[in-house]
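Below is one structure, written out as structure tokens; comments come after it.
Read the figures in this text as sums done on the coordinates, not as results from a lab. Remember, it's a predicted structure, so these values are computed and weren't measured experimentally. Virtual Cβ from ideal backbone geometry, glycine too; neighbours counted across all protein chains shown.
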Amino acid sequence: MVDIGLFTQIVINGLLLGGIYVTIGVGFSLAFGVLEVVDFAVGEYVMVGAFMGAVLAPILGSEGVFVIPIVLVVFFGVGALIQPLIHHVTTGDRPHPLLMGLVFTFGLATFLRGSVLTIFGPNNQDVPSSLLTGGVTIPGIGTFPVVRTVTAVFGVTGLLVFMYYLYRTRGGMAIRAIAEDRTNARLMGININRYQSIAYGAYAALTGSAGVFIGMTFTANPGMGLQYTAFAFFMVVLAGMGYLPGVILAGIVLGLTQSFTAVYISGNLVLLVLFAIIYVVLLVSPAGILGKGEWAT
Amino acid sequence: MTDDILRTTDLTKRFGALTANDEISLSVERGEIRGIIGPNGSGKTTFFNTVTGFYQPDGGSVHFDGEEVTGWEPHRLARRGLGRTFQIVSPFKNMTVRQNMLAVQTDDGRSREEKRDRAGEILEFLEIDHIADNEARGMSGGQQKLLELGRVLMLDPEVVMLDEPAAGVNPALESRIMDHIHELNDEGTTFVVIEHDMHVMKTLADSVSVFDSGSHIAQGDFEDVSQDDAVREAYLGGTTAEDDEVPI
Amino acid sequence: MTGPVPSLDRLPGEPRYWYAGLAVLLVAWPLLFGDFWARIGLGALMWIGLAQSWNMIGGYAGYLDFGHGAYFGIGAFATGIAMAQLGYPFVVGFVLAAVVAATVAYLVAVPTLRLTGAYFAIATWALAESIKQAALVTGITGGTFGLSLPRSSETFVGVPVPFPISEAFFYYAMLVLCLATMALTYYLFERHEFGYRVKALRDDQDAAESLGIDTTRVKRQVYVLSCVVAALFGAVHAWYIVYVHPNDVLAPIITDRMVIMALLGGLGTLTGPVVGGLLVFLLERLSSVFLGSTTFYLPLIGILIMITVLFAPSGIIGILRGEVDRADVRENVKELGEKFDLL
Amino acid sequence: AGLGGGSERDYFKLGAVTSLSGELRFGGEVTQRGYDLWADTINEEQGGIEVGGETYEVEIEYADAQSTPSTGADAASQMINDGADAILGPYSSNVTLAVCPIMEQNSMPHISGSAESPQIWQEGFEYSFGTIPTVSIIGNEATSALLNLEPQPESVYVTAVNEPFSVATGEAMRAAAEEAGITVENYEEFPRDTDYTNVVSAAQNADPDLHLHGGHIGSHVDLVNAAEQLGYNPDGFLMHYGVNTGSYRDGAGDQGPYTFGATVWIPGVDRSGGVLFDSPQAYADASQSAYDTAPDYTQAGSTAAGIVFQEAFKELGSAPPLTQDDKDELIGILEEIEVNTFYGDVAFETEGEYYHNNINTQTLLVQLGEDGSPSIVGPEESATAEANYPVPAWDER
Amino acid sequence: MSGGDGSSDVPTLSAIGVEAGYDRHQVLHGITFESRDGVTCIFGPNGSGKSTFLKTLNGIVPVWDGTITYGDVDLTEAKPEDIVTHGIATLPQGGGIFGSLSVEENLNVGAFTVDDADAIVERKAEVLEVFPALEDKLGQKARDLSGGQQMMVSLGRAMMTGADTFLLDEPSAGLAPRLVDDAFGLIERLVDRGAQVVLIEQNVRAALRLADYVYILAEGEVQFHGPPEDLSEEDELMELYLGL
Ligand SMILES: Nc1ncnc2c1ncn2[C@@H]1O[C@H](COP(=O)(O)OP(=O)(O)OP(=O)(O)O)[C@@H](O)[C@H]1O
Ligand SMILES: Nc1ncnc2c1ncn2[C@@H]1O[C@H](COP(=O)(O)OP(=O)(O)OP(=O)(O)O)[C@@H](O)[C@H]1O
Ligand SMILES: [Mg+2]
Ligand SMILES: [Mg+2]
């Protein structure tokens, strides 16, 4: 027996959860596909973003959203400075560029997690927000939690902005050329350091802001990053590595799978089902569920 | 009846809507040097890949040395005696040049010493023995081509399929490579060679197959084929293949 | 170019004295320094062995297995189930660990090794996580409660043995396993032509195929071998720690550690995982001794990893062997500096 | 380092294994505070432990279990190797389960101030004791107290995170509800990293009177956040462990108030006298001034573990360092001992499924007030305040 | 032959005593070189350092010793992206097109350093005039083109920079004979427009028809330089390095 009210609510939950994943997936997909960085630090950017929300929001009138502009600027700057380091470890005559990037960002993740833990201690911290509370109930359909809805809108907007930049502007074209071949891009007069830094900075900025939203939706905790790193990987695999438009569909699939498994099968099997799906998708269609992803290894 | 060592029948390979090889039937006689020419994108490399097991054909069959080998895995064909090189060189970059040679695996039960000696001989002949213990990543484009050839010779193959062995190779070296191919051919090795350099084709090939748009459109002596209007139009353009004169 | 044979010839004096000294030290270790250092020693040996097992597939074959830790857990659980659920002695569990790991690895290898690069890395990671999640909800693994193993003199081979199942016992067990792993790696990957084939397929699979190498088979062999080695360490670990839980023996951090140890030490080299394993293990384990009871060692380890990857890409072994010198580091720093020109 | 503890030592040396990093670092810090507060207080106020007319200071050496059993075992071994007289236990059941066998092997007395899984006591370790009752007792009793509130609830919905402690908690809650003849709409387990909107939607659909949840603090926070977002309003939430901690208060923010929790001790508990600290309030004040944190029962239980050792040392009467014979004798003393502390009268079971566990405690049902501070609202005989029940709906707060 | 009347105002690209290599492995042992009006050819055996030298000119490989100047400008330490802005365009060995970008985007990337929108439109028209085959393919991904068409794209892309000096590394390698003709035809066109071309070729026969000046490199050293006519006196060189 399927209860219609519950069913529609589960769909809403799934879609909005997918929206949260989209906020992480967009930047990560860009980093993955365009910069060829498998970034283990993605979840820690979310975590640091959430902590910035927890620390700064009380100063800025208890509103998490007011922190977003600061997070955007700070993360863009820091990301732009980190990218040259990543570029350095993934180029040159290194025998395992992919692995080097992976391990470097793993070190970065450990550093960020350890630093926040050492500075703020292990406690949970609330990211306060009085604007985005409660939910809007549409009779007969279900309840839309405000903060989750806003997060989803933010994610989709971020995706559209990124896509516009990447496919409709000169800078985006430069970034795609760099993704293809760095040396040849330089021969065309492209300052690859600058554009890669822009791309990575944009990714970090979006992911950090996603962290503020996630902090408002859940809570901030030094250990929260790992699960978001996992979700970011889910997203790129389902979307197709580096295929930005696939991110939305990936979010929807991921969110709905999670909510339906949790309610109609068993909460305990949610992660098992998700990981199993990732594994099977990679075996059957490594280019994602739409088959459009590509990533040079 | 001729003694075909390699024969394809209606061999077909498609990539989506594109038919890269369209029912190609072609046979190579034991002991000959067969040239394959054709415009860029006409399906020459694809043909190599399908014959040597890197692509599964969508139709047709391949016979090698009296045995049907359609769909065999590449390594099995290689050990059976069908060697090939790649158009885009593929050295094992993190191994030394010598190790590149020694990685080759055969069924003939040669001892390690014999393998080492053979590798030494080949490297010496190709004049890359001085860098035998350097990592392959640091070789120039042309040197990599030579290594590519050297490695396949380690198989002691009956048939060697060479994909543009002379592209990017210095003319002096090129003629030495051709000499060596002739030498091996005299000892009984059969060659199938893709090459755009008509000078090479002319000196090397006993007969030539012409590909165009995925089809095998002509076959015969180099001289005859190069006079063929269709071939000139599709492939050779204004150049006269015999034009060997050096303008200085 | 350093030859394939690992050499200590940079050290003063006759190398064989060094080897002999090392051998004596290894054997006498638990007797000399007591239980605590025996535990540290056996932990180090285990991690060196695990790093080496990852190095086989990740370093030599170039397949970034990010689910390798699952086999450590499979070995631990095979032993745990044999001893705690089925009442068999340890040796049965040990053999079972090898058999189960080999079977699972073989079944996984067939579809998964068709993927390469990041695809393979993520697929193995997802698979390992699936295994962990499955163990958390399955009865035979004790689910979320884990399994407690009996540790007494009879549980070794089924009848009482005339020596105590002590720290020293486990130290020697790990020592034997670790040395066997090293010897096997040395023989297979550095001495035997098998090693060339593995490296060849790592660099260019198609070319390797064209040269008579059955890449599918070679990959599978390396994968299964490396997985079985990890499982055997898991088996000994399970009995030594007497308590196995999915969140412990199937934790992703186990894989992460193996990867970092192999990489920091030097990938695809025999001695790299030894150096990397020793260093990372001791840093983590002894950090509280040196830094006091804080979490400060986490950012420090993070920075250490970043610096090593930035400036010593061929790992610590590259520095020890003299392949990387101060001029290289200076060059490296200079290059890095140039990349910061963002405007 | 490395070779025994040295035979000349004029202080008691205790080893403490605790998780200062990794997933369990929050609890690890709590236990560390508990142990430290005991040691600092006894050293400052009494100059140490008095044995045979001499006073010996106490020194605690910590080792980080990094939240993993094998490191915990190493840490324990390190302490033993360094010649500790006794061991204070790690936080969390997993690590404790790995540490206990080391204690058995080395015949080393060990009291845990914070491990709550029933599994530990079922193993029957001879050298290990615990001051905190297993969660099967706390969970059960707190639930019973809650079910007695008026208006009588008719149905409950039980959830638990899939980890040993939380599952034990959830099962105890369910059992209590079933014993009381109340409808259990559903009992659901899920992993920690799940999204709670689905949990909440399913629960909301079942429309229970009460929601009972076993988990750690982060999961409680996620649960109330999702409940607020979806407007899920049962008459109350009972969650265990850690509702009355600063971490929950900070993490849950505006959603924190009115949550019910379980404990065996809070500063406000009515109790007078005890060794070292005169009253629960005196203890809380000491904690407040030392760490700027209100203690919860885990911290109190950890301090109590220290106090029990202190009393046992006195009874033993041997000067440090303790010999192996002393340690074996200490086990006998611990089995017999009864110590009156601010935390309660501590005594250990000597047989049965709670072997060596202190179950002489009174479970308390607490509820957080508007300001986030807990008050005791059950069971009736202990209650010091009226429960705010049913709790106000989210949009009426 | 065209262009070579010495009156062109294209700056001279010159190298003096250039030494360079990879890691610690030295490849170039003091190369002194000067680009001339028309086509300056560089021949030499495989691995002699031709590509490496070209990469020192365009900034990809750092110069260890010696200097590189372009007219009055010192380019010794300059980075590739800056060198382009000075008016030097490169066609790397193999072509180096951006496969996942469309043909048109490839051309646009070529004009990355050009700010004048009109100039871009003009040059694109010019490229299409030279390679009408590309007209229909503008929207296609470059990797879907055949090898020869890809080479047209990379030549066109180099033209888009509006450079005065072109460094071409084996533009005819792997091309079918009639496309080789096209490629060489294009080089003639560039020269006609007044550009200088530095050309590395193994197709010595064809290249000699265009050459105004020839360098022969072997083992990282210049073995010969002079106008092609002088080559005929160097039988040994011809035999050894050019196989003629
Ligand atoms: N793996 C592939 N997937 C899709 N299309 C392919 C693939 N390989 C080749 N093609 C297409 O098949 C056609 C034939 O390509 P092939 O490489 O066989 O040409 P070729 O004759 O070797 O050309 P060239 O002389 O330039 O090397 C081309 O249109 C090419 O784009
Ligand atoms: N990236 C590199 N790392 C290390 N050594 C290199 C590298 N590239 C080239 N070399 C070495 O430098 C020397 C010169 O190579 P280069 O590519 O300049 O030769 P080339 O004259 O262009 O040859 P070809 O005609 O074959 O392209 C060769 O010995 C080669 O081994
Ligand atoms: Mg081809
Ligand atoms: Mg070259």
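Mean residue ellipticity at 222 nm from the helices of chain D, using -39,500 (n - 2.57) per DSSP H segment of n ≥ 4 over the full residue count, to the nearest 500 deg cm²/dmol?
After summing the helix terms and dividing by residue count, I get -13000 deg cm²/dmol.
Quick one: order A:T207, A:T8 by neighbouring beta-carbon count within 10 Å, fewest to most.
A:T8, A:T207
Straight-line reach only, C-alpha to C-alpha below 12 angstrom: list the aspartates and glutamates that B:K13 could link to, leaving out same-chain residues fewer than 8 apart.
B:D22, B:E23, B:D58
Which whole-number percentage describes the relative contact order of chain D, with Cα contacts under 8 Å and a sequence gap of 6 or more?
It comes to 19 percent, rounded to a whole number.
Compute the angle between helix D:69-81 and the longest alpha-carbon principal axis of chain D, please, reported from 0 to 90 degrees and rounded to the nearest 10.
So the inclination is approximately 20 degrees.
In region E:1-85, what GluC sites (Glu not before Pro) fall in a loop by DSSP, with at most 16 other Cβ atoms inside 10 Å?
E:E77
Using only atoms on other chains, find how many Cβ atoms lie within 10 Å of each Cβ of peptide C:186-193 and report the average.
Per-residue shielding by partner chains comes out at 1.
Which values, in whole Å and largest first, are the semi-axes of the equivalent ellipsoid of chain B obtained as the square root of 5 times each eigenvalue of the Cα gyration tensor?
Values for chain B, descending: 28, 23, 17 Å.
So which lysines pass the test for D:K314, namely a Cα distance under 23 Å, with those fewer than 8 places away in the same chain ruled out?
D:K13, D:K327
Roughly how crowded by other chains is peptide B:153-160, in terms of the mean Cβ count from those chains within 10 Å of each of its Cβ atoms?
Averaged over the peptide's residues, the number is 1.
Placing +1 at every Lys and Arg Cβ and -1 at every Asp and Glu Cβ, with all other atoms neutral, what dipole size does region C:7-340 have around its Cα centre, in debye to the nearest 20?
The calculation lands at about 220 debye.
Return the lysines within reach of C:K132: Cα separation strictly under 27 angstrom, same-chain partners fewer than 8 residues apart disregarded; answer none if there are no such residues.
C:K219
Taking the 0 to 90 degree range and rounding to the nearest ten, how far is the long axis of helix C:117-136 tilted relative to the main principal axis of chain C, both from C-alpha atoms?
Taking Cα atoms only, the helix is inclined about 20 degrees.
Of all trypsin sites (Lys or Arg not before Pro) in region C:216-254, which ones are in loop regions per DSSP and have a Cβ with at most 13 other Cβ atoms within 10 Å?
none
For the protein assembly as shown, give the magnitude of the charge dipole about the Cα centre (Cβ charges: +1 Lys/Arg, -1 Asp/Glu; no others), in debye to the nearest 20.
Dipole about the Cα centre, nearest 20: 760 debye.
May I have the extent of the alpha carbons of the protein assembly as shown along their three principal axes, as whole Å values ordered from largest to smallest?
Result, largest extent first: 114, 76, 67 Å.
Counting only helical runs of four or more DSSP H residues, what would the 222 nm mean residue ellipticity of chain B come to if each run contributes -39,500 (n - 2.57) and the total is spread over all its residues?
About -9000 deg cm²/dmol.
Indicate, rounded to the nearest 5 percent, the antiparallel portion of the DSSP beta bridges found entirely in chain B.
If I count the DSSP bridges inside chain B, around 55 percent turn out antiparallel.
To the nearest 10 degrees, how steeply does helix A:170-180 sit against the main Cα axis of chain A, on a 0 to 90 scale?
Around 80 degrees separate the two axes.
With a bin width of 20 angstrom, please list the P(r) values of region C:7-340 as percents of all Cα-Cα pairs, from the 0 bin to the one holding the largest distance.
29, 58, 12, 0
Holding the Cα-Cα limit at 25 Å, pick out from A:K292/E:K55; E:K50/E:K124; A:K292/E:K141; B:K145/E:K124 the pairs that are longer than that.
A:K292/E:K55; E:K50/E:K124; B:K145/E:K124
How crowded by other chains is C:35-47, given as the mean number of beta carbons from other chains within 10 Å of each beta carbon?
Averaged over the peptide's residues, the number is 4.
With the convex hull built on the Cα atoms of chain E, state its orientation-averaged projected area in nm².
Its Cα hull, projected and averaged over all orientations, spans 12.9 nm².
What per residue convex hull volume, in Å³, comes out for region E:110-169 when only alpha-carbon positions are used?
Expressed per residue, the convex hull around the Cα atoms of region E:110-169 is 96 Å³.
Have a look at B:L236, B:M101, B:L173 and report the one farthest towards the positive end of the charge dipole of the protein assembly as shown, computed about the Cα centre with Cβ charges (Lys/Arg +1, Asp/Glu -1).
B:L236
Pick from B:D212, B:D224, B:D156: which residue has the top mean-square fluctuation in a GNM of chain B where Cα pairs under 10 Å get a spring?
Answer for the Gaussian network model of chain B: B:D224.
Convert each backbone phi in region B:78-89 into a coupling constant with the Karplus relation 6.51 cos²θ - 1.76 cosθ + 1.60 (shift: θ = phi - 60°), then list the ³J(HN,Hα) values in order as whole Hz, x for Gly and Pro.
Each residue's phi maps through the Karplus curve to give 4, 5, 6, x, 10, x, 8, 10, 10, 5, 8, 4 Hz.
Relative contact order for region C:7-340 using alpha-carbon pairs under 8 Å, separation at least 6, rounded to a whole percent?
29 percent
Across 5 Å bins from the origin, how do the percents of Cα pairs in chain A run, short distances first?
1, 6, 11, 16, 18, 17, 14, 9, 5, 2, 1, 0, 0
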